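Enquirer: Below is a structure I'd like to ask you about.
Bear in mind that the values in this text are calculations on the coordinates, not laboratory data. Since this is a predicted model, take the numbers as computed values, not measurements. As a convention, Cβ positions derive from the backbone with ideal geometry for all residues, glycine included, and neighbour counts pool all protein chains shown.
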Amino acid sequence: VGEPKRTTRSPYMEFAKTGIVDVPFPLTSSGLESIDLARFPVLLEDLTADLTGDPALSVPGNYGYEPVQEALALHTGADPACIVPAGGASMSNHLAMAAVLTQPGDQVLIESPSYPLLFDTARYLLTDVHSFDREPVDYSVDPDRISAVIEGRMRGAERLRRLRLIVLTNLHNPSSALLDSETLREIGEIAERHGARVLVDETYLAAMLENTPRSAFFLGPTFITTNSLTKVYGLSGLRCGWILAQPALARQIWQMVDLFDVNPPHIAQRLSVVALRELARGEDSAIRRNARELLCRNIELLNRFLSSRDDLCVRLHSHGTTSFPRLTRGTAGELVALAERRGTSITDGRFFEAPEHFRIGIGARSDVVEEGLARLGDALDELAKLNVSSRSAH
Ligand SMILES: Cc1ncc(COP(=O)(O)O)c(C=O)c1O
């Protein structure tokens, strides 16, 4: 058993930033299209005098800018003492992990498949990373599988002795599966028995649109959650993310903030307050309404497409921004190339350690999604033909 090796890059993020071929009908994004700045409901007064009446571009950098803390408290239902804002869910995950995983060799258990940055960040922190499998097809979590990994029954590996953190996404990236609170509670109990915590990345939870459960943070002190306004509302550029944690841990996370970026850009804080106040209008929020309408339309388009295919193994879609079908023939790598030649794009399942799967994102405009799915259908037909002819050639 060697020393853990530090990860210093993220192949997935490099792909997301530079590897996606520019196509007219992309289905790669896991988030909704950015809203136009012209449609962002900001008034000049919001920027020239903050909500405490301070006209300065810079404010004292304390632990929390009050208007943001209050707006996030209203948005999440959590006490401001439990809220640490951060640059997107990305920095939120990083800070939360850094505060909990303080010793090299601390053990982390992460769902698989999962968002690759969760693994990369844990490895950057020199932790000893293990994974447990979600169930195939519906991507639910069986808490017994988690216990089995911890007890070392699965591979006869040594029991996890310094388990500090179990990490999940809810909704699940890439499949959008929802974890119910009963399952989360069971996972919390397992973590507690081993003196560990549970980190739930809830970046996509608001993509439930209806009957959105409360954050897992409210299930008990074992839970830490991360979230942002990035994916579901087309507000990625604000980098408005946050962590919910018990006050003592929140204070430790604030100390991590001091090590990493000290203070966020103040202008982004003011814009985040504007966005959070708009979202607080509930049914009257135009940002919320647009997101819901777009996703409802696109889920219908996706389901029409999925129902028309007998070469994909996947459940029909009921919520969320991404679907993760398994191909019954061919590989996702082949499909990616065929799709790109037809002007659409999907994400190769190899980034999620599932090369027979691919991820479809439905956050683009409905006309783009509709045409992208039509072209993806053509690419799948072509893949079927190629696989028939290559089989008959052997
Ligand atoms: C599960 C998950 N967490 C976090 C992030 C990062 O979100 P943000 O843009 O808010 O940093 C992503 C982005 O794809 C994600 O899929």
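Enquirer: Mind checking the full-extension length gain between Ser366 and Arg6? Use 0.36 nm per residue of separation minus the Cα-Cα distance, one decimal, nm.
Expert: My answer for the length gained is 125.4 nm.
Enquirer: Which value, in debye to the nearest 20, gives the size of the charge dipole of the chain about its Cα centre, when Lys and Arg are +1 and Asp and Glu are -1 at the Cβ?
Expert: Dipole about the Cα centre, nearest 20: 720 debye.
Enquirer: What residues of the range 92-128 lie in the reach of a label at Arg159, counting those whose backbone N is under 17 Å from a point 7 Å from the Cα along Cα→Cβ?
Expert: Taking a point 7 Å out along Cα→Cβ of Arg159, the residues of the range 92-128 whose backbone N falls under 17 Å are 107-108.
Enquirer: Work out the length of the dipole vector of the range 21-106 about its Cα centre, built from +1 on the beta-carbon of each Lys and Arg and -1 on the beta-carbon of each Asp and Glu, and round it to the nearest 20 debye.
Expert: 220 debye
Enquirer: Hey, another quick one. What number, rounded to the nearest 500 deg cm²/dmol, is the helix-based mean residue ellipticity at 222 nm of the chain, given -39500 (n - 2.57) per DSSP H run of at least four residues and division by all its residues?
Expert: Rounded to the nearest 500, the figure is -12000 deg cm²/dmol.
Enquirer: Is any helix in the chain, taking whole DSSP H runs, at least 24 angstrom long along its axis by alpha carbon and on average at least -0.5 on the Kyte-Doolittle scale, and which ones?
Expert: The qualifying helices are 286-307, 366-393.
Enquirer: Additional query: Relative contact order of the range 230-363, please, whole-number percent, based on alpha carbon pairs below 8 angstrom and at least 6 residues apart.
Expert: After rounding, I find 17 percent.
Enquirer: Taking 51 Å as R0, compute the FRET efficiency from the Cβ-Cβ separation of Arg251 and Ser308 and round it to 0.05.
Expert: Step by step, r from the Cβ atoms, then E = 0.45.
Enquirer: Consider just the alpha-carbon atoms of the range 236-348 and return their Rg together with their Dmax, both in angstrom.
Expert: 20.6, 53
Enquirer: Something else about it: Residues of the range 108-151 with amide nitrogen under 12 Å from the 7 Å Cα-to-Cβ point of Glu189?
Expert: The answer is 143-144.
Enquirer: On to the next question. Can you pull the three principal axis extents for the Cα set of the chain, in Å, largest first?
Expert: For the chain, the Cα spread along each principal axis is 73, 55, 36 Å.
Enquirer: Assign one of three labels to the range 1-130, namely rounded, prolate or oblate, based on the Cα gyration tensor with a ≥ b ≥ c the square roots of its eigenvalues; rounded applies when a/c is under 1.5, prolate when it is not and a/b is larger than b/c, and oblate otherwise.
Expert: Oblate, because a/c is 1.5 or more while a/b does not exceed b/c.
Enquirer: Normalised by the number of residues in the chain, what is the relative contact order in percent for Cα pairs under 8 Å and 6+ residues apart?
Expert: Normalised by residue count, the contact order of the chain is 23 percent.
Enquirer: Counting only DSSP beta bridges with both residues in the range 117-255, what percent are antiparallel, rounded to the nearest 5?
Expert: Antiparallel bridges make up about 30 percent of those DSSP assigns within the range 117-255.
Enquirer: Anyone know which of Ala245, Ala56, Ala339 comes out most mobile in the 10 Å Cα GNM of the chain?
Expert: Among Ala245, Ala56, Ala339, the largest GNM mean-square fluctuation belongs to Ala56.
Enquirer: With +1 on the Cβ of every Lys and Arg and -1 on the Cβ of every Asp and Glu, and nothing else charged, how large is the dipole of the range 245-316 about its Cα centre, in debye rounded to the nearest 20?
Expert: Approximately 180 debye in magnitude.
Enquirer: So, one more: Tally Lys/Arg at +1 and Asp/Glu at -1 over every other residue whose Cβ is under 9 Å from the Cβ of Leu118; what's the total?
Expert: -3
Enquirer: Could you work out which residue, out of Phe25, Phe324, Phe305, moves most in a Gaussian network model of the chain, that is, has the largest mean-square fluctuation with Cα springs under 10 Å?
Expert: In the Gaussian network model the winner is Phe305.
Enquirer: Find out how many positive minus negative residues lie around Ser215, taking Lys and Arg as positive, Asp and Glu as negative, among other residues whose Cβ is under 13 Å from that of Ser215.
Expert: -2
Enquirer: Further question on the same structure: Set the Förster radius R0 to 45 Å, insert the Cβ-Cβ distance between Ala280 and Leu126 as r into 1/(1 + (r/R0)^6), and round the FRET efficiency to 0.05.
Expert: 0.65
Enquirer: What does the charge count around Gly77 come to, taking other residues whose C-beta lies under 14 Å from its C-beta (Lys +1, Arg +1, Asp -1, Glu -1)?
Expert: Spelling it out: positives minus negatives among the neighbours equals -2.
Enquirer: Report, ordered by chain and residue number, the aspartates and glutamates lying within cross-link reach of Lys17, taken as a straight Cα distance under 17 Å and ignoring same-chain residues fewer than 8 apart.
Expert: Reachable aspartates and glutamates: Glu33, Asp120, Glu340, Asp348.
Enquirer: Provide Rg over Rh for the range 98-182; use the alpha carbon set for both Rg and the Kirkwood Rh (inverse mean inverse pair distance).
Expert: Using Cα coordinates only, the ratio equals 0.96.
Enquirer: Quick one: if the Förster radius is 51 Å, what FRET efficiency do Leu316 and Val59 give, using the C-beta to C-beta distance and rounding to 0.05?
Expert: In this case the efficiency is close to 0.55.
Enquirer: I've got another one for you. Highest GNM mean-square fluctuation, the chain, Cα pairs closer than 10 Å: which of Asn62, Asn227, Asn303?
Expert: Of Asn62, Asn227, Asn303, the Gaussian network model singles out Asn62 as fluctuating most.
Enquirer: Put +1 on the Cβ of each Lys and Arg and -1 on the Cβ of each Asp and Glu in the chain; which of Ala354, Tyr233, Asn298 then has its Cα farthest toward the positive end of the dipole?
Expert: Checking the options against the dipole of the chain, the answer is Ala354.
Enquirer: Using a 10 Å cut-off on Cβ atoms, rank the peptides 342-353, 230-241 from the highest mean neighbour count down.
Expert: Averaged packing, sorted descending, gives the order 230-241, 342-353.
Enquirer: What order do you get for Tyr204, Tyr63 when you list them from fewest to most C-beta neighbours inside 10 Å?
Expert: The fewest-first ordering by Cβ neighbours comes to Tyr63, Tyr204.
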